[in-house]
Amino acid sequence: MRTIIIYIIAAVFCAPAAAAHQYVVRIDAGLETLRVSARFASPVDAVRARHRTAGRFLLEAADCETGLPLERRGRTLTSPQGTTSCIDYVVDLRSAAAAERRNEGLAPDNVVVSPAVWLWQPKTAAQPRVIVRFLPGDGIDVSVPWKAVEAAGHTYEIPPSPRSARAPAAFGRFIHVRAEPSAGTPRIALLRSRGDVDDDAIIGWVRDTAGYVSLAYGRFPNPGAQVVVMPVGRNGWKSDSPVPFGRVVRDGGESIELFVDERRPIEDFYDDWTATHEFSHLMLPFLRSSHRWISEGFAQYYQNVLLARAGRYEVQRAWQKLYEGFERGRKSRPELSPNEASRRGVGAATMKIYWSGALLALMADVELRQRSAGRESLDDVLDRLQRCCLPAAEPWTGPQLFEKLDSFVEEPVFMPLYRQYADKEGFPDVAPLFRRLGIDIEDGRVALRDDAELAPVRDAITRSPAGAGARAFIDRSKAQQAKRSEP
Ligand SMILES: [Zn+2]
């Protein structure tokens, strides 16, 4: 028995080391440089960085065994001996940070620079595991989207994932809320700005918003996700929104970047939908850009539904926003189908892309609820999707997603809707569906009617789940709100 245990322990500790590229990244306390030592699983011909500017910030690079400098051509480094099994290199972190606009509003001891700029990786067909261990200088913390391989400390494994953009890596003295698996909330890095920020209030808002998204199926879609909150500083970004920009990045895990105007009162953040929208994206895998209307549409649908469930929106306001969105979608590029609009890119038909998917989500949700007499909903189907398939390692297509969702229900709902609308120009007529749901439109204003056939379905869509966990969350959220608004 003991021998078996020893074998198991040996297997756990030795096997991964042999099959992984191992990086050690030293970060000095002044955030001037990253000093990186990379030991490869087997000798490699060349290493490469993903971002086109990476070469500009590489101060030196050498083979660790011979000390001979590596030869750089563009974004590729090669060893004079042909292959190399380990390299040491130094990256000018300060200059790399200065080249990114997102760092403008941050305090000098906080920087965000993507691994695409500083992580030089072997160009090999077979990708072994990549383990990165950070050794930060005094008081310096690290936030990356990767999977932590130890409870404390800074060792991570880079999981396989789509590459929708470049992941953020934050270094410095910032507020770091580590994931609480029991609470199901993501890791949060709140970068420090040059001005004053009410840290507790902003962190509270991010966590509450993560809680709103858990009102879909009782938990946050990916507790391993990394949230990076970046104050934009005095210059604003010329936006009226307290969250001028937000996005989800899938690159070695899932990151949500939220750019915030820290000068705005916290109530404004609670009234803004950006963070709810971004978090809602995590309920689906990353879809190829040609099916972007589905990912944007589902997030658009859920941001309104979830803010109503959380009590942030009056129910009527949620339907008003959905109605106005569908109107914008109807008027946007009527000559294009959703697939065609997505292929051309967001700039060409933003409202078409965002709202045709939202209407399809509503149609599917209503159908699921109606035919199951309320026992099944879009929430349940996405719950099953999360359990089986998320976070996904590869990008998905729209039909792949909808076929999977249909596999969770007795009669298909999603592919029939896809076949009907994805390649069809124009915009589905929402009026008959609204009539059945008891949603009347008078002079552009929504009025809810309770004697309609599907009024109970309509109410169920914006009702908070009855589970005790969800209720406790809403009570906590309201109590926190009340506390905050006291003078
Ligand atoms: Zn979006």
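Read-outs: derived from the displayed coordinates by stated rules, not from any lab. This structure is a prediction, so every number in the text was calculated from the model and none was measured. Using ideal geometry, Cβ is built from the backbone for each residue, glycine included, and neighbour counts are taken over all protein chains shown.
Here are some notes:
- As a length-normalised measure over Cα pairs under 8 Å and 6 or more apart, the relative contact order of the chain settles at 11 percent.
- Global form of the chain, assessed from the alpha-carbon gyration tensor, a/c cut-off 1.5: prolate
- Computed over the stretch 278-421: relative contact order in percent, which uses C-alpha pairs under 8 Å that are six or more apart: 31 percent
- The Cβ shell under 13 Å around Thr33 holds other residues with a net charge of -2, Lys and Arg each +1, Asp and Glu each -1.
- Each peptide in 266-274, 206-214 gets a packing score, the mean of other Cβ atoms within 10 Å over its residues, and the list from highest to lowest is 206-214, 266-274.
- Just so you know, the Rg over Rh for the stretch 174-282 is 0.94, from Cα atoms, with Rh as the Kirkwood radius.
- The stretch between Lys123 and Asp440 holds 108.2 nm of extra length on full extension. This uses 0.36 nm per residue minus the Cα-Cα distance.
- As a rough guide to protection, the peptides 282-295, 371-384 ranked by mean Cβ packing within 10 Å, highest first, stand as 282-295, 371-384.
- Average Cα contact separation per residue, the stretch 174-282, under 8 Å, 6 or more apart, as relative contact order %: 27 percent
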